[in-house]
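The values are calculated or read from the model by the stated rules, or taken from the named source; none is laboratory data. Quick caveat: nothing in here was measured; it's all calculated off a predicted structure. Glycine gets a Cβ as well: all are built from the backbone with ideal geometry, and neighbour counts include every protein chain shown.
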Amino acid sequence: MLKKFHACWLLLALTAGGIACAQPLVPLSEFTATDTVATPASAQEPSALSTLHAYAEMGHLLAQYQLAQRYYNGDGVARDLPQAAMWFQRAADSGEPRSQLALAQLHAKGEGVARSERWAAYWTRQAAESGFREAQLQLGRLYERGQGVNKDESEAYFWYYLASDGGWSGDEALRERERLGPQLTHVQRTSARYAAFHWRPRQGMVAP
């Protein structure tokens, strides 16, 4: 869980003084943690974006994810896909599941990064292995279609099975599972269910 910082943002000064103390940062708790762009409590505050940027620079994964969303959507800042990709990448490298899936989608579309089905599949899997059900659903589809990975319907069924355990993606994954299931043998279905029952998410970031 991200810690609240109530310290000053230390800026490198161009003077002989070396370091100067700017205005105190707005607590990160004032930014809503949603899947859409972060909205500060004081949305009209001119410094809201710079405050979010400061937290992102300090390594806060939630801030990095939300800043990337702002750049991607052009919310309060000029739309900048390379900047969005860069901040998603930084958070993804530290294991933030939503950023990993967002980065996968950028690679799939070639937005802000080179288009690559292989990298799209890689980052989708990273998010899926954390227990992020939406990513598990998408990974199942990649395996079923053979996009960025070798086509494997048994593996697709396995990820659909995991993803079908709750949430909006769970309902969709359940439909995918029930559609694909009859195309597999009894042994394939049983093996996938057994593997899903014993599966555990990768240690590290907790999926949203």
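Taken together, the residues in the stretch 112-122 that are touching a His at 6+ places or on another chain (Cβ under 7 Å) and closer than 16 Å to Asp93 by Cα amount to 3. The condition (being farther than 26 Å from Asn73 by Cα, modelled with pLDDT under 95 and not assigned by TED's automatic domain parsing to the domain that holds Leu61) is satisfied by just one residue among Gly140, Gly166: Gly166. Looking only at the stretch 131-159, residues that are under 19 Å from Pro182 (Cβ atoms) and over 19 Å from the mean Cα position of the chain (by Cα) come to 11 in all.
Among Gln100, Gln83, which is outside the structural domain of Glu134 (by TED's automatic domain parsing) and either closer than 21 Å to Gln147 by Cα or of a type outside the set (Gly, Ala, Ser) (or both)?
Details: Gln100 fails: outside the structural domain of Glu134 (by TED's automatic domain parsing).
Residue meeting the stated conditions: Gln83.
Residues that are at pLDDT 95 or above, assigned to a loop (DSSP other than H, G, I, E, B) and surrounded by 16 or more Cβ atoms within 10 Å (Cβ to Cβ) within the stretch 27-77 comprise just one, His60.
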